[in-house]
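FYI, it's all coordinate maths here, none of it is from the lab. No experiment lies behind these values; they were computed from the predicted model shown. Here the Cβ positions follow ideal geometry from the backbone for every residue, glycine too, while neighbour counts run over all protein chains shown.
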Protein chains: 4
Amino acid sequence: MKTDTQKLSFASDYLEGAHPAILERLQETNFLKTQGYGLDPFSESARQKIRAACKCPKAEIHFLTGGTQANATVIDALLNNYQGVLSSNQGHISVHEAGAIELGGHKVLALPNKEGKIDPAVLRQWLVDFENDANHDHMVFPGMVYISHPTEFGTLYTLRELEEISSICKSYNLPLYMDGARLAYGLACAGNDVMLPDIARLCDVFYIGGTKCGALFGEAVVITRSNLIPHFFTIVKQHGALLAKGRITGLQFDTLFTNDLYFRIGKTAIDASERIRTWLKENGYRFRYDSPTNQLFVIMDNDKLEKLGESVEYSFWEKYDDAHTVIRFATSWATADEDVDVLISTLHSI
Amino acid sequence: MKTDTQKLSFASDYLEGAHPAILERLQETNFLKTQGYGLDPFSESARQKIRAACKCPKAEIHFLTGGTQANATVIDALLNNYQGVLSSNQGHISVHEAGAIELGGHKVLALPNKEGKIDPAVLRQWLVDFENDANHDHMVFPGMVYISHPTEFGTLYTLRELEEISSICKSYNLPLYMDGARLAYGLACAGNDVMLPDIARLCDVFYIGGTKCGALFGEAVVITRSNLIPHFFTIVKQHGALLAKGRITGLQFDTLFTNDLYFRIGKTAIDASERIRTWLKENGYRFRYDSPTNQLFVIMDNDKLEKLGESVEYSFWEKYDDAHTVIRFATSWATADEDVDVLISTLHSI
Amino acid sequence: MKTDTQKLSFASDYLEGAHPAILERLQETNFLKTQGYGLDPFSESARQKIRAACKCPKAEIHFLTGGTQANATVIDALLNNYQGVLSSNQGHISVHEAGAIELGGHKVLALPNKEGKIDPAVLRQWLVDFENDANHDHMVFPGMVYISHPTEFGTLYTLRELEEISSICKSYNLPLYMDGARLAYGLACAGNDVMLPDIARLCDVFYIGGTKCGALFGEAVVITRSNLIPHFFTIVKQHGALLAKGRITGLQFDTLFTNDLYFRIGKTAIDASERIRTWLKENGYRFRYDSPTNQLFVIMDNDKLEKLGESVEYSFWEKYDDAHTVIRFATSWATADEDVDVLISTLHSI
Amino acid sequence: MKTDTQKLSFASDYLEGAHPAILERLQETNFLKTQGYGLDPFSESARQKIRAACKCPKAEIHFLTGGTQANATVIDALLNNYQGVLSSNQGHISVHEAGAIELGGHKVLALPNKEGKIDPAVLRQWLVDFENDANHDHMVFPGMVYISHPTEFGTLYTLRELEEISSICKSYNLPLYMDGARLAYGLACAGNDVMLPDIARLCDVFYIGGTKCGALFGEAVVITRSNLIPHFFTIVKQHGALLAKGRITGLQFDTLFTNDLYFRIGKTAIDASERIRTWLKENGYRFRYDSPTNQLFVIMDNDKLEKLGESVEYSFWEKYDDAHTVIRFATSWATADEDVDVLISTLHSI
């Protein structure tokens, strides 16, 4: 399925189109006429399936086209003007969204991270300090907490950590929002103990990532308490995030949540990354972060990199020291076993 | 291709999925690995074809996912904070975008419309009055002009009108921006004398609509002068409008601009609307607007409407008087000859 | 008190400094040390006096420095992002605040005006139409109503009109906000039946103008229901509207609300304008608006204007017809009887 | 001049009203009629004097009412949407302006600070790293540099440091903006080698603080290159920062820049702080920051604090360790010699 001229690539998890089942259904349903803006039967069916998977029958679900868009729209909808969003200082909204949150008028209140995660103790202390600061009326108020799961470094919150963060949020009346851009890859992880119903129970809003998990594009925003965000439809429209043919996104999620496809394709990526991880460990490689998901942050000798780059695409992550570089391999729903074979044999040879 | 249970519908021009050629190419290319964010060969190829079609070799082209998003992003990018955008008071940005322009901090300066269009003389007078107003430093400055073509009422600017507006804009140093959500249906019109190269020559920025013209979604924003908007890529990202798998939009436009598909599907819709228009005129129906494109705004007796509605879907437009209602029929790239046959025979029978 | 070189001026109502009682108290209190940001005893005393004058013991009161600032801050605080503010199309926020409301992300939803006022019937119909519009989820929602009293044209709402508007607002759950930039001049009017306690009872928020009514600067924002706007202090700070030495504004309002000064200086202006109005009427002049307050919009023969301008400053308002111009005379707390004498004798002589 | 009931206070530098010369001139000029919005002769005279003091004859000067307002307005005016402002992580805009910068849509890009200052080497490295970051098109672009002088910690840039920062800014085409809220106290410092003409030469925009330096309120924004910010008047209006009676601010600055008053009152504060500093040093006290200006950050034994607080007001700054606290003493233009005497004898006695 790969053309001859294409180099083996583990550069990211959105290199291909979509899972073939999605394209098939687009084909089958193409000439059906439906209402726009997500008011179609495919979107409605997808909502029902997601509610069931989350064991959250009253969830309100909207389909947006991308992660930055979902983050900016949800955060702007949840916050009052004078409030900011607490995030890891490495959170996607803090670093790699070109100021989308600030464009909405809100400060990203950055917390130090622990392997990409917010430490519940750090969060609690920040909130205590804010309350105690005599000048806090001159400062940006915390208005919500943003976490990503898996994080930007591929790490996962444990159920216990998530419960703790959720409980802190509740006691401070702060909505908890989870960015699940790579959620399929978290859910499929062997060691993961955070299931969709846990997320729905512990978060106020979260999104289930489609773009990086088998869809052409699309993220399913799940608002777990009804009426938490009145007129979210209009807010989505105002943010330029309302797809006219909402059915296209709805149908993709309907497909992903039929016969556990979302979980199965997560497993494909995780199995592939596990094979690579195992080989790397057995061969003495070290990792920058202890990521159990589909992203591997490997510390490589600089002199091996050029050789590797001749036949494999990877992501440059950061300089480690003068002799080493951190690179990232990402697997996905589309990673073939043979691709892993070739990667491993290439690594062997360099 | 239509399922048995579906009612005949002329309710809008985005009821179906995409032109089959697009789905075919999605299928063919699905497992190719490409870079994200529009830096892929499909997007690049689409850009080359659009540049050629516009005879504008230096045009900078970006693919966004929807019309409101394109409008909000372009307008925010072109304006300084203290500037607003001049628009017909019935312009899409003025009425039906949920405040997306104001969210970006800009006032929509509404001008009276003439069948949906801005009258060049009215525009010129407004600008003269603004200049002469002794208090204008306390007012929102005009920063650009927004027009839609076809307009929200299906009407078209003549080349002469467009040249006049463009010339006024140039003399006041105001960028001219055209919303081409239904551009295919304007270009295919018999009486139309505004061609793509004219638009590229006379506008500073415009977008070629995909969502309503054969694509699953997507609009091609064409910046006709290079470096008019520095860092537009980042601005797009900041507005949540950057698709990770940009190839999906790129490939759709590549398909639409291969073998004149964009023009041919426009023609399909125009031929269908022409048949309906002719029949309506011959049978004594009057029209609310003199639209030559794919939208027909028909004044109907209220007592015929219920009968019609039993077998045909249409859009309610507005109350005309106590006995009449304006309804809209929209044709599209997907309108079949047989659908028109059935509509006409239904109209006959009511 | 006027220097010899100064021309007689009725050009506006903020030509002078402040009422002498204010300067005296600034002098007396200058070296007292007080806390900043309005937490000082002068501000607190002013709040108590305003609460008493409004018969609104729970009112929350903040002192801002100007009208545009007060409007932008209050409106931004009251609205959600997807909401706009209903205003007369001639409202100050709609025309002469340089887009301050839009900078906050909100559309000004303009209603036709009747002598500068919103007609309750027009307001009600607009709201009914909005509710009935099938597409209203794609439109800016009404989130509050803005009125000015006196209006930009010097006219006044009757108590009955204000009650009707307030009742409509309540039934649609829309906060009602009154811009009282020239409130002193409304309250002092013979025919006025809207007293401060009425305003406090019928509006959710309003401001009592100081800048145009005897202060160096300053507007007292009165939030009539406690906790209507949580954290308004921080919102004021965020909008750059929190004066470090808040005592300066507080002390001015404390002075204006001591011994009815605010009402007495309003009377000075109204008496002066009444003398001018009477003379003009008796001498056959017509008025553009039927303003009972301190602004007179007189229709003048163009050939008299030049002569008048030699010795009197006035405001150009608008061209009336080829032979006439509308000009504005404004009186104020500082208008001396002798100034009125000279104006009248000048008018006589031209 | 202090009432009997008032406690000695070194809590901040804006406890009193204004320098008596300002009140006198307000009195003298009170009934002169002038045009609004800064178009009056007092403002014009102040501008001329400031241009002369800065040796910057083409400077464009606007008078705003407060520091947060000046910062938010200037920064919003200088930046494009996709740009942020580089600041020390302890900069006033980063911590204590309630999100005013973000409300304008901009991220504060926080750099580590060195005694409150930005280290030129750190700034340069940040810019190099940004340029080199392959993903920087997905990040907030640096659009300007914000420094405060004196800083929030009372420290001063040396001329050499300022020249270095200015030169970095120029080479990256980033406007340099200085917040001079306490500029009088920097200029009057013995060790200071940064004079007003240096600031005008090295910064693109800066403001000369009035609120904390002898005025009732007001900051003079100096744009050192003409046409750097087109339509700044309207931008000021849009930000709610345009005072109707602009003469009040203009006259204050006219007074402060007559006969070197601004420099003389700075000296008063500096002489007072120097006496306190000397005594503290001689008596073994340590300082949290090495501030040569009017703010002293003293590390105090906790058990002395209560005693001190009985007769002197100071600011709590931060906990130092379990036994010590950092407190701030601020002197000002209004600090009397006798107040310093009492403070020192009180410190002696505890």
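Report the residue of chain D with the smallest Cβ-to-axis distance, using the rotation axis that brings D onto C, in whole Å.
Rotation axis D onto C, closest Cβ, rounded to whole Å: D:Thr65, 3.
Under 10 Å, Cα contacts only: if you run a Gaussian network model on chain A, which one of A:Gly246, A:Gly218, A:Gly67 comes out with the highest mean-square fluctuation?
Of A:Gly246, A:Gly218, A:Gly67, the Gaussian network model singles out A:Gly246 as fluctuating most.
Report the FRET efficiency, 1/(1 + (r/R0)^6), for A:Asp137 and C:Arg286, where r is their Cβ-Cβ distance and R0 is 56 Å, rounded to 0.05.
Plugging the Cβ-Cβ distance into 1/(1 + (r/R0)^6) gives 0.55.
Along the charge dipole of the stretch C:20-258, which of C:Leu196, C:Ile118, C:Ala21 sits closest to the positive end, that is, farthest toward it, with unit charges on the beta carbon of Lys, Arg, Asp and Glu (+1, +1, -1, -1)?
So the residue we want is C:Ala21.
Out of all DSSP beta bridges with both ends in the protein assembly as shown, state the antiparallel percent to the nearest 5.
So the antiparallel bridges amount to about 60 percent of the total.
Search the structure for amide H atoms under 5 Å from the amide H of A:Tyr320, placed 1.01 Å from N in the peptide plane, and list their residues when 5 or more places away or on another chain.
Amide H neighbours of A:Tyr320, under 5 Å, 5+ apart: A:Thr325, A:Val326.
Among A:Leu202, A:Leu156, A:Leu32, which one shows the highest mean-square fluctuation when chain A is modelled as a Gaussian network with alpha-carbon springs under 10 Å?
Sorting by GNM fluctuation, first place goes to A:Leu32.
State, to one decimal in nm and shortest first, how far the label point of D:Leu228 sits from each corresponding label point in the other identical copies (label point: 7 angstrom along Cα-to-Cβ).
Result, one decimal in nm: 3.0, 4.2, 4.6.
Going Cα to Cα from A:Lys55, which aspartates and glutamates come in below 13 Å? Please leave out same-chain ones fewer than 8 positions away.
A:Asp198
Which whole number gives the average count of other chain Cβ atoms within 10 Å of the Cβ atoms across peptide B:228-234?
4
State the answer as a single residue: which of A:Ala244, A:Leu176, A:Gly67 lies farthest towards the positive end of the charge dipole of chain A, with beta carbon charges of +1 for Lys and Arg and -1 for Asp and Glu, about the Cα centre.
Projecting each Cα onto the dipole axis, the largest value belongs to A:Ala244.
Please state the relative contact order of chain C as a whole percent: Cα pairs under 8 Å, 6+ residues apart?
Contact order relative to length: 25 percent.
Work the Kirkwood hydrodynamic radius out for chain B: mean of 1/r over every pair of different alpha-carbon atoms, inverted, in Å.
After inverting the mean inverse Cα-Cα distance, the result is 21.1 Å.
Averaged across the residues of B:110-119, what count of C-beta atoms belonging to other chains lies within 10 Å of each residue's C-beta?
Partner Cβ neighbours, averaged per residue: 0.
Tell me the volume per residue, in Å³, of the convex hull enclosing the alpha carbons of the stretch A:149-232.
Roughly 97 Å³ of hull volume per residue.
Defining the label point at 7 Å along Cα→Cβ, can you sort the distances from B:Asn135 to the same site in each other copy, shortest first, in nm?
3.3, 4.0, 5.0
With +1 assigned to the C-beta of every Lys and Arg and -1 to the C-beta of every Asp and Glu, and no other charges, what is the dipole magnitude of the stretch C:175-238 about the Cα centre in debye, to the nearest 20?
160
Would you mind checking the pairs B:Lys7/B:Lys212; C:Lys7/C:Lys304; A:Lys107/B:Lys237; A:Lys49/A:Lys212; A:Lys117/D:Lys114; A:Lys245/A:Lys267 and listing those with alpha carbons more than 23 angstrom apart?
A:Lys117/D:Lys114; A:Lys245/A:Lys267
When DSSP beta bridges are limited to those with both residues in chain A, what percentage is antiparallel, rounded to the nearest 5?
60
Length gain on complete extension for the stretch D:Glu318 to D:Trp279, per 0.36 nm per residue less the alpha carbon to alpha carbon distance?
The span from D:Glu318 to D:Trp279 would gain 11.8 nm if fully extended.
Once you charge only the Cβ atoms, +1 for Lys and Arg and -1 for Asp and Glu, what is the size of the charge dipole of the stretch B:58-133 about its Cα centre, to the nearest 20 debye?
Value, rounded to 20: 180 debye.
Let me confirm one metric for peptide D:16-23, namely the mean number of other chain beta-carbon atoms within 10 Å of its residues' beta-carbons.
4
What residue among A:His149, A:His138, A:His106 shows peak mean-square fluctuation when chain A is described by a Gaussian network model with Cα springs under 10 Å?
Fluctuation is largest for A:His138.
Relative to the other copies, what are the label-point distances for A:Asp193, with labels 7 Å from Cα along the C-beta vector, expressed in nm at one decimal and sorted shortest first?
6.3, 7.3, 7.7
Using only helices, what value at 222 nm comes out for chain A when you add -39,500 (n - 2.57) per DSSP H run of length 4 or more and divide by the total residues, to the nearest 500 deg cm²/dmol?
My calculation for chain A gives -12500 deg cm²/dmol from helical runs alone.
When a/c is below 1.5 the answer is rounded, else prolate if a/b is larger than b/c, else oblate, so apply that to the stretch B:236-350 with a ≥ b ≥ c taken from the square roots of the Cα gyration tensor eigenvalues.
prolate
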